[in-house]
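The values are calculated or read from the model by the stated rules, or taken from the named source; none is laboratory data. What you are looking at is a predicted structure, and each value in this text was computed from that prediction instead of being measured. Positions of Cβ are generated from backbone atoms using ideal geometry, with glycine treated the same way; all protein chains shown enter the neighbour counts. Note: accessible area is taken over every heavy atom of the protein model, side chains too, but ligands, DNA and RNA are not part of it. Shrake-Rupley method; radii C 1.70, N 1.55, O 1.52, S 1.80 Å.
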Amino acid sequence: DSGVTQTPKHLITATGQRVTLRCSPRSGDLSVYWYQQSLDQGLQFLIQYYNGEERAKGNILERFSAQQFPDLHSELNLSSLELGDSALYFCASSVDTSGGNEQFFGPGTRLTVL
Amino acid sequence: TQLLEQSPQFLSIQEGENLTVYCNSSSVFSSLQWYRQEPGEGPVLLVTVVTGGEVKKLKRLTFQFGDARKDSSLHITAAQPGDTGLYLCAGSDTNAGKSTFGDGTTLTVKP
């Protein structure tokens, strides 16, 4: 158990819909990262937050947005969903953003768009 | 943009064999992490290497960081079916404050 929690574990929805994925980091970790992993593909970095502020952006679509709240939990919002958005979405947390950036991953949310 | 290339992409071996997988980049990293991921689960951190030339051992796994801190290797001795999984390397950049992940090596160890 990494200490990172993600809900829900599975999500099935239809094209055009909007969903929210939730992540709670390990106790004491200030950074939260979101990744997308499609079938047989590596981890695609989406976005990072540090102590409530956006820190880095990856290949995140404009239909996707995220935020980190004062209690440090984070939400990833996916809107106008397309079939191609079906994937595993992982959240990870780390203590800080300095060298030795060890990330601890949650169990993921499997999103299926029908 | 910092890129990490992992090779081979796929590796299938018999139980008891040795193997080495590689993680290469043209960029210098302040540190490098190795993770193992099983299907449907999140990656699990195996090790962090920080110093150029550093070697770390974790039971049958040996990790090495290149002298120039641009590349790394993972060697597994006497592989077991439980070693099966996706091995990911990630390079950390202190200045950018983030990590770059490679696409991974999918290892299958057959009993």
Would you pick out the residues in region A:17-46 that are more than 10 Å from chain B (Cβ to nearest Cβ), part of a strand (DSSP E or B), closer than 13 Å to A:Phe90 by Cβ and open to solvent by less than 30 Å² (accessible area, probe 1.4 Å)?
A:Leu21, A:Cys23, A:Val32, A:Trp34, A:Leu46
Quick check: is even one residue across region A:105-113 open to solvent by 30 Å² or more (accessible area, probe 1.4 Å) and within 10 Å of another protein chain (Cβ to nearest Cβ)?
yes
Can you pull out the strands (runs of 3 or more DSSP E) entirely within region A:49-103 that have at least 1 residues that are under 18 Å from A:Thr7 (Cα atoms), open to solvent by less than 70 Å² (accessible area, probe 1.4 Å) and touching a residue at least 60 places away in the same chain (Cβ under 8 Å)?
A:74-78, A:87-94
Closer than 30 Å to A:Leu111 by Cα, in a strand (DSSP E or B) and of a type outside the set (D, E, K, R): does that describe B:Leu74?
no
Could you please give the count of residues in region B:55-111 that are of a type in the set (A, V, I, L, M), in contact with a Leu (Cβ under 8 Å, 6 or more places away or on another chain) and within 11 Å of chain A (Cβ to nearest Cβ)?
3
Output the number of the condition that A:Gly84 fails; it satisfies all remaining conditions of (1) modelled with pLDDT of 95 or more; (2) touching a strand residue (DSSP E or B) at 6+ places or on another chain (Cβ under 9 Å); (3) under 21 Å from A:Gln17 (Cα atoms).
(1)
How about region B:65-78: which of its residues are surrounded by fewer than 18 Cβ atoms within 10 Å (Cβ to Cβ), among the polar types (S, T, N, Q) and within 10 Å of the chain's Cα centre (by Cα)?
B:Ser73
